[in-house]
Amino acid sequence: MSNFGNYEDRIKNFSWLISEQELGYQPGQPINIGWYCSDRVCQQGKGDKTALIWEGFGGEKKVYSYNDLRLYSNAFARFLTDSGIKAGDRVCLFMDRIPELYIGFVGILKTGAIAQPLFSAFGEDSLFVRLENAQTTAIFTQKKHVSKVRKIKDKLPHLKHIFIVDYDGKNPLQDREKAFSMEGLGGVEDYDVYPTYAESPSVLHYTSGTTGMPKGVQHVHYSLISQYLTAKWVLDLRDDDIYWCTADPGWVTGTSYGIIAPFALGVTQCVLDSGFSAEAWYRFIEKNKVTVWYSAPTAIRSLMKAGDEIIKKFDLSSLRHLASVGEPLNPEAVNWSIRVFNKPFHDTYWQTETGCILITNFPGMPVKPGSMGRAFPGITATVLNPNNHEPYPQPGRIGLIGIKPGWPSMMRGYWKNEEAYKNKFRNGWYLTGDRARLDGDGYFWFVGRDDDIINTGGHLVSPFEVESALLEHLAVAESAVVSKPDPINMEVVKAFVTLKPGHTPSKDMELDIMNFIRKKLSPLAMPQEIEFVDTLPKTRSGKIMRRILHAKEWGEEAGDTSTLENE
Ligand code: PRX
């Protein structure tokens, strides 16, 4: 029997009070995620239980108990407080998946400051726009990444502290830099956790939009209420589980379900800080006896590609429950997992903005391969007619996924961008920006995005951001960025480029531009292909029509081209 049980019963009796009561939260009283992730678990007598099993790139291993998590997160918190960091300040984590990332996140929240995790793969431009927009006060990073911070820090007057967690004394520290060694310092027994309340800001995650620069999605401490319960009911987490969430905490999955929920549930989780390899992943599951595995379609497709033979080399019988998020989970992937693991991947659908899972195939209920599943109790999700933003009276029509606002982990705003936030609502519904179809059983079937955002391997990339960066390359005159199909990543970034006079298309030029974007933005945003063209399709008013290029890549009809300049 799953934690969730029966759908109809859960819907009938549902209230978020269930979660509040399990967590012992009293409305109006302080609620601090950092405290829930560490001190509370220790108070429940689980101080010696393993919180985190970490394996590094070279196979090195570290294990932390809940008491270690409490002491070391206190050390982070004390260090921040002593450095003058105050509640509400933004503190960035810019690190690989090392233990300091997970423990530091908990420590930041304990001070009342806002945790701002960013992918360590980000290049200097991606890092800069996010630190500038958030007016970040402090950043934790590693030696290997500090050079990117150094390149931009002079343009960031708000950035007062650059903390290096693995400083070895070999090179002198520069202006604003300071060494912070979590283990070197040792644990801190007593730290007065800052009394944040339900609506106090907790986490700031940046997400890409179609137009404009990335937006900071602002979450609050009350988000714990829905993160905790969805992890319990959807990921089916139990006290004796060994849980593996493969997502990086630079991404919301890696914080909501890679830090907050599992720790608040007092579950043991493991982290593998190395790139993808089927063999390494299966070995990790075998070695740690992983029971619950939360991953993503791109990884699953890569495992499928590696073949079934390799699976036979490992004992994966510990696996009890599998879940996936981030992109459409194709039915083949579900059927494959039933064949090779004897259990299906359960799709989960949500967003950075939603903070928690909204729609899912629940444990213990029949999975409809290719469908995202049904709405979580307490979540009113529907498919809206795009013309009037009213729910379709009958199932079966394709429309926009709309959610009734008001669940605990819904974003409270986009950082300093009230207009973009307002724009997400129509007719009393929060618009996800995705299109789907509902079937007669209440299952949602994902159709696609309702905008130009590219979802590559589960990561959202803004064509606008890539186009802007391309224009900074000295040879590029104009560009248009679209997605193109890819068997593993579902879609990848493709750029159409016109060159300035004096520059000629060549393979070297293509590689040079690709590399330029990889360094500036990130490997994910790097176009996998650059097509050099003489002109780009534009409207008569001069706007580049990405839609036409997109249609060409996907072998679709371009639709209405009557406004095309060169028609
Ligand atoms: O387009 C949907 C897609 O990913 C978007 C959200 O991306 P992000 O904010 O980065 O958060 C991802 C992890 C929570 C959605 O608007 N998406 C997410 N889950 C699914 C999905 N597309 C299809 N099926 C899913 N299960």
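Net charge in the neighbourhood of Val492 (other residues with Cβ under 9 Å of its Cβ; Lys, Arg +1, Asp, Glu -1) is -1.
Between the stretch 382-413 and the stretch 1-79, the C-alpha centres lie 31 angstrom from each other.
The distance separating the Cα centre of the stretch 186-248 from that of the stretch 125-185 comes to 23 Å.
Residues whose amide H comes within less than 5 Å of that of Cys245, counting only those at least five positions distant or on another chain, are Cys270, Tyr294 (H built at 1.01 Å from N in the peptide plane). For the stretch 451-554, relative contact order (Cα pairs under 8 Å, six or more residues apart, normalised by length) works out to 27 percent. Gain on full extension, evaluated as 0.36 nm per residue between Trp16 and Asp175 minus their Cα-Cα distance, stands at 52.5 nm. Take the Cβ atoms of Glu199 and Ala420, set R0 to 22 Å, and the FRET efficiency comes out at 0.65.
Spin-label model, Asn427/Lys62: points 7 Å from Cα along the beta carbon direction are separated by 5.2 nm. Over 30 Å apart at the Cα level, from the set Lys49/Lys148; Lys178/Lys519; Lys61/Lys148; Lys484/Lys519; Lys215/Lys404; Lys62/Lys178, are Lys49/Lys148. Applying a length cut-off of 30 Å (Cα extent along the axis) and a mean Kyte-Doolittle floor of 1.0 to the DSSP H helices of the chain leaves no helix. Summed over qualifying helices (DSSP H, 4 residues or more, each -39500 (n - 2.57)) and divided by its residue number, the chain shows a 222 nm mean residue ellipticity of -8000 deg cm²/dmol.
Compactness check for the chain: Cα Rg over 2.2 N^0.38 Å is 0.96. Rounded to the nearest whole angstrom, the semi-axes of the ellipsoid equivalent to the stretch 198-275, taken from the Cα gyration tensor as √(5λ), stand at 24, 17, 9, largest first.
One quarter of the convex hull surface built on the alpha carbon atoms of the stretch 10-163 amounts to 11.8 nm², the projected area averaged over directions. Placing a pseudo-label 7 Å from each Cα along the Cα-to-Cβ vector at Tyr7 and Phe314 gives an inter-label distance of 3.1 nm.
Compute the Cα gyration tensor for the stretch 451-554, then decide on rounded, prolate or oblate, letting a ≥ b ≥ c be the square roots of its eigenvalues: rounded whenever a/c is under 1.5, prolate when a/b is larger than b/c in the other cases, and oblate in all that remain. Cα axes put the stretch 451-554 in the oblate bin. Counted by Cβ distance under 13 Å from Pro505, the other residues give a net charge of -4, where Lys and Arg count +1 and Asp and Glu count -1. Annotation note: GluC sites (Glu not before Pro) in the stretch 143-237 located in DSSP loop regions with a Cβ neighbour count of at most 11 within 10 Å are Glu189, Glu199. Once the Cβ-Cβ distance of Thr539 and Lys151 is raised to the sixth power relative to R0 = 41 Å, the FRET efficiency obtained is 0.65.
We did not get these values from a lab; they are worked out from the coordinates using the rules stated. Predicted, not measured: the structure shown is a model, and the values here were computed from it. Ideal geometry is used to build each Cβ from the backbone, glycine not excepted, and the neighbour counts take in all protein chains shown.
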